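Student: Quick one: the structure is below, and I'll ask about it shortly.
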Amino acid sequence: MKKINFILLIILFSSCTEEIDIPITSTNSDIVVQGFIENGKTAKILLTKNMPINQPYSTQELLDSKIDDALVTISSNNIIDTLNLDFGFTDTWAYNYSGSKLTGEEGSSYLLEIKRGDDYIWANTTIPEFTPIVTEEIQYIMRPTSEGDPAEGCYAFLRLPIADADSIGNCWQISSKRCWDVSYTPMAGGERGLYNDEYINGWNTKIDVYPGVGYWSSYDDEDDNSYSDESNCFETVVDGCSGATDAFWSVGENFNLKFSSIDRNSWDFWVSLLTNNPGSPFGSPSQAKSNINGGFGVFSGMSSGWYELEIPENLSIDITE
């Protein structure tokens, strides 16, 4: 019996040290697409070259990875919009191609076509119907603290009401923008603000919402419109359990919330990008579920609402209500 156990141990340890080559499938094109068309806005597309993820890059190398010699078109209802080479920033990311003719409309479908040399890639998307938020029903919940905590009553999160339509497949993305942010940041947490109605189809439900974690800052008691490093109540601490953290909003803080209904294919892309590529050496790498035929990335249809909110003084303390 001891001899058998010894043999099993030898097999186990030799198995753990064996080198394994895991094939990862690829497409013929090295074009990466990050683009969307949103309700009331023209299409914005960022094209870059596919680059290995297992090596460092300089800022210049990343800038040089952009593609600016492609023919990019968007078409819908027999209208073709040839996108212009036009570097700029949306409220979420940079782009280097923008449309001028077609404006996003709920329920409309759009065909993206990209030609570059011998490469031809394409994608379809549809802008879903927007799920509005009833701002009067938003709950502002006080961050739980222990008795005597100096940060008691200083911080809060949102409880956001969602009235889901009785049609399975609705997907949402939540992001926010604080006074020091230059763009909207995905919600903090493992879901990164991505939700769907797989288990809540047709229900009225509530989602707890936290700000995206951006730059660490603290509130200035002397100036309600600025942030500084000196404050007793709004102390900068990374650990959200032992002190104030930017993973919560401050009482009296004004901020912007963006709530987007997104098409299912782009939701699948972002979720698979988050969940299917673990950092553990024992995880199984896999490609994100791209909707770009012949390339990589995503072309999203989005219907969004933008809200200006403020954390009130009279916070609810019941996190179970």
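Student: Do we find a residue being assigned to a helix (DSSP H, G or I), modelled with pLDDT of 85 or more and not aromatic (Phe, Trp, Tyr) anywhere in segment 298-311?
Tutor: no
Student: In the list Asp86, Asp181, Asp91, Asp81, which residue meets the criterion of being within 30 Å of Lys49 (Cβ to Cβ), outside any strand (DSSP E or B) and either of a type in the set (Gly, Ala, Ser) or not assigned by TED's automatic domain parsing to the domain that holds Phe259 (or both)?
Tutor: Exactly one of Asp86, Asp181, Asp91, Asp81 is within 30 Å of Lys49 (Cβ to Cβ), outside any strand (DSSP E or B) and either of a type in the set (Gly, Ala, Ser) or not assigned by TED's automatic domain parsing to the domain that holds Phe259 (or both), namely Asp91.
Student: Taking segment 68-85 on its own, how many of its residues are in contact (Cβ under 8 Å) with a residue 24 or more places away in the chain and either in contact with a strand residue (DSSP E or B) (Cβ under 7 Å, 6 or more places away or on another chain) or under 14 Å from Arg116 (Cβ atoms) (or both)?
Tutor: 11
Student: Restricting segment 237-270 to residues that are aliphatic (A, V, I, L, M) and at pLDDT below 85, which is surrounded by the fewest Cβ atoms within 10 Å (Cβ to Cβ)?
Tutor: Residue satisfying both the conditions and the ranking: Val238.
Student: Here is a further query. Any chance segment 54-77 includes a residue that's under 20 Å from Val182 (Cα atoms), of a type in the set (S, T, N, Q), at pLDDT below 90 and assigned to a loop (DSSP other than H, G, I, E, B)?
Tutor: no
Student: Hey, among the residues in segment 168-200 that are closer than 18 Å to Tyr307 by Cβ and of a type in the set (Ser, Thr, Tyr), which one's surrounded by the fewest Cβ atoms within 10 Å (Cβ to Cβ)?
Tutor: Only one residue fits best here, namely Ser183.
Student: Answer yes if at least one residue in segment 30-47 is at pLDDT below 80 and either in a loop (DSSP other than H, G, I, E, B) or within 27 Å of Asp263 (Cα to Cα) (or both), and no otherwise.
Tutor: no
Student: Next up: I'm checking my understanding of the structure. Among residues of segment 146-178 that are in a loop (DSSP other than H, G, I, E, B) and touching a residue at least 40 places away in the same chain (Cβ under 8 Å), which one is farthest from Ser260 (Cα to Cα)?
Tutor: Among them, the one singled out is Pro150.
Student: Restricting to segment 145-178, name every residue that is at pLDDT below 80 and among the hydrophobic types (A, V, I, L, M, F, W, C).
Tutor: Ala151, Cys154, Ala163, Ala165, Ile168
Student: In segment 107-136, how many are part of a loop (DSSP other than H, G, I, E, B), loosely packed, with under 15 Cβ neighbours inside 10 Å and under 23 Å from the mean Cα position of the chain (by Cα)?
Tutor: 4
The values are calculated or read from the model by the stated rules, or taken from the named source; none is laboratory data. Note that this is a predicted model, so its numbers are computed, not measured. Ideal geometry is used to build each Cβ from the backbone, glycine not excepted, and the neighbour counts take in all protein chains shown.
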